[in-house]
Amino acid sequence: MKKIEAVIRPMKFEAVRESLEAIGIASMTVSEVKGRGQQKGVMQQWRGAEYVVDLFPKTKVEVVVPDGRVEEVVDAIAKAARTGQIGDGKIFVLPVERAIRVRTGEEGEEAI
Ligand SMILES: Nc1ncnc2c1ncn2[C@@H]1O[C@H](COP(=O)(O)OP(=O)(O)OP(=O)(O)O)[C@@H](O)[C@H]1O
Ligand SMILES: [Mg+2]
């Protein structure tokens, strides 16, 4: 099992959710987060004062899937989240050691 952690533009979340649903992925954890990538902060002005914004609102989507589904899930997220502009986001793939469905005690791929 792998956890796919995608940090995407909030405005792209609906498209990502739909494209995951289209390939039969329903279970997910979603959080509103702040983050920064490789660019330095962006200068902004407010009432004449300049300040740097270097943490931007992002949406983090976490999905645990069997190893054999990683490629299609990564593709689905990447296609739906892409605008081609900087800040489109990032996808990380992490190993998952165990998964337990609390209600039934099922483990592993049965539980995800
Ligand atoms: N190496 C990293 N570690 C942890 N989080 C990261 C990392 N890189 C990106 N992120 C997260 O992903 C978000 C989006 O990153 P972003 O798309 O700006 O990446 P980037 O590497 O700067 O690419 P781009 O040049 O396309 O902007 C960041 O705001 C941050 O939350
Ligand atoms: Mg960036």
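FYI, it's all coordinate maths here, none of it is from the lab. Here the structure is a predicted model, which means the values were calculated and not measured. For neighbour counting, all protein chains shown are included, and Cβ atoms are generated from backbone atoms with ideal geometry for every residue, glycine included.
A few remarks follow.
- Label-point separation in nm, Phe56 to Glu110, each point 7 Å along Cα→Cβ: 4.5
- Charge-dipole axis of the chain as Lys and Arg at +1 and Asp and Glu at -1 on Cβ define it, positive-most pick from Trp46, Ser19, Val70: Trp46
- Ranked by the mean number of other Cβ atoms within 10 Å of their residues, highest first, the peptides 47-53, 9-15, 58-64 come out as 58-64, 9-15, 47-53.
- Simple spin-label estimate for Val70 and Ile23 in nanometres, 7 Å along Cα-Cβ: 1.3
- For the chain, the relative contact order comes to 42 percent (Cα pairs under 8 Å, sequence separation of at least 6).
- Rounded to the nearest 10 degrees, the angle from helix 13-22 to the longest Cα principal axis of the chain is 20 degrees.
- √(5λ) per eigenvalue of the Cα gyration tensor, segment 2-111, largest first, Å: 33, 15, 12
- Charge sum, other residues only, whose C-beta stays under 9 Å from Glu32's C-beta, Lys/Arg counted +1 and Asp/Glu -1: +3
- Rounded to 10°, Cα long-axis angle of helix 70-81 versus longest principal axis of the chain: 30
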